[in-house]
Amino acid sequence: MTVDLVILTLRAATFHVLLIQRGIEPFKGCQALPGGFLNNSGEDIYDAALRELQEEANLDGAQLHIEQLGTYGAPDRDPRGRVVSVAYLAIAPGLPEPVAGTDALEAAWKPVDQVVSGQVRLAFDHLQIVNDAVERARAKLERTPLATAFCGETFTIAELQQVYEAVWGVELDERNFYRKVQRASGFIEPAGTDRRVTRGRPARLFRAGAAKVLHPALARPEPPNESEEE
């Protein structure tokens with residue numbers, strides 16, 4: 001039994017995932033998700049995920065949004081034998097540069113687009129796990145306030161829009177987005193302070209509201225196809 005972690009964040013308004021370079025076989029030298037085997041038969045799976053976060057990337061799981069993504073158990077997913085993995089999705093804003101540890105040669109943030117497009121070769125079935133995690137995040141942005149997990153404690157609506165654009169991979173109309181966010185009851189609430197971002201009027205700051213489900217939902221627009229772009 002192993003755990004794998006898909007850690008997502010925004011860096012310079014770009015959607016990133018944390019990958020390590022494996023230092024041991026199988027797939028030595030390949031990129032992979034942080035993770036590893038349970039320490040012993042008494043270790044809880046969630047505790048193992050938190051431990052691997054700390055050991056392989058020097059990240060404190062208490063500072064992240066973490067949820068179980070799924071279980072992966074195809075018979076041929078690991079050349080060492082039958083290995084079942086429980087994958088977790090972790091999200092937080094402004095995560096630091098990771099520090100590699102244990103059996104990782106290095107740990108680094110990679111743009112999600114490069115990973116899901118196959119430009120970065122991943123070990124095991126980790127590409128499938130990343131694809132599942134990205135789709136989970138994209139879908140949850142429509143119906144839950146998950147987008148605020150990519151933001152700091154306080155944020156502007158423009159920063160919230162950057163999250164949606166980065167995760168969904170589309171450009172959104174500023175006024176339309178503002179109206180939709182304000183219509184979603186309990187999505188965000190005023191933080192009581194403003195932030196001066198330009199020479200103009202200070203930008204209003206917000207924090208995450210109490211809502212667990214967005215009503216009405218924020219529908220994800222269809223990305224333009226190649227013929228439309230031409």
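Things worth noting here:
- Here each label is just a point 7 Å from Cα along the line to Cβ, and for Ala203 and Val99 those points are 3.2 nm apart.
- Selected from Asp173, Asp125, Asp47 as most flexible by GNM, with the chain as the system and alpha-carbon contacts under 10 Å: Asp173
- Carbon-plus-sulfur accessible fraction, the chain (probe radius 1.4 Å, protein heavy atoms only): 47%.
- The distance between label points at Asn176 and Phe37 comes to 5.3 nm (points 7 Å beyond Cα on the Cα→Cβ vector).
- 16 Å reach of a label modelled at Lys212, 7 Å along Cα-to-Cβ, counting backbone N of segment 41-77: 66-68
- Residue-count net charge about Asp125 - beta-carbon cut-off 11 Å; Lys, Arg +1, Asp, Glu -1: -3
- Using the Cβ-Cβ distance between Asn131 and Thr193 with R0 set to 35 Å, the FRET efficiency works out to roughly 0.35.
- Shape call, segment 39-146: gyration tensor on alpha carbons, a/c limit 1.5: rounded
- Over the chain, DSSP H runs of length four or greater, each weighted -39,500 (n - 2.57), average out per residue to a 222 nm ellipticity of -8000 deg cm²/dmol.
- Packing here is the average count of other Cβ atoms within 10 Å per residue, and on that basis the peptides 114-120, 148-154, 127-133, highest first, run 127-133, 148-154, 114-120.
- Close amide H pairs (under 5 Å, H built 1.01 Å from N) link Glu106 with Gln21, residues at least 5 positions away or on another chain.
- Shape class of segment 80-141 from the alpha-carbon gyration tensor: rounded, with the ratio a/c of largest to smallest axis under 1.5.
- Take segment 57-161 with all the other protein chains still there, run a 1.4 Å probe, and you get 44 Å² of accessible area per residue.
- Comparing Cα centroids, segment 18-32 and segment 73-121 end up 9 angstrom apart.
- For the chain, the tally of Lys pairs with Cα-Cα distances below 20 Å comes to 4, considering only residues 8 or more apart or on different chains.
The values are calculated or read from the model by the stated rules, or taken from the named source; none is laboratory data. Worth saying up front: this structure is predicted, and the values here are computed from it rather than measured. Because the Cβ atoms are built from the backbone with ideal geometry, glycine has one as well, and the counts that use them run over all protein chains shown. Heavy atoms of the whole protein, side chains included, go into the accessibility calculation; ligands, DNA and RNA do not. Shrake-Rupley method; radii C 1.70, N 1.55, O 1.52, S 1.80 Å.
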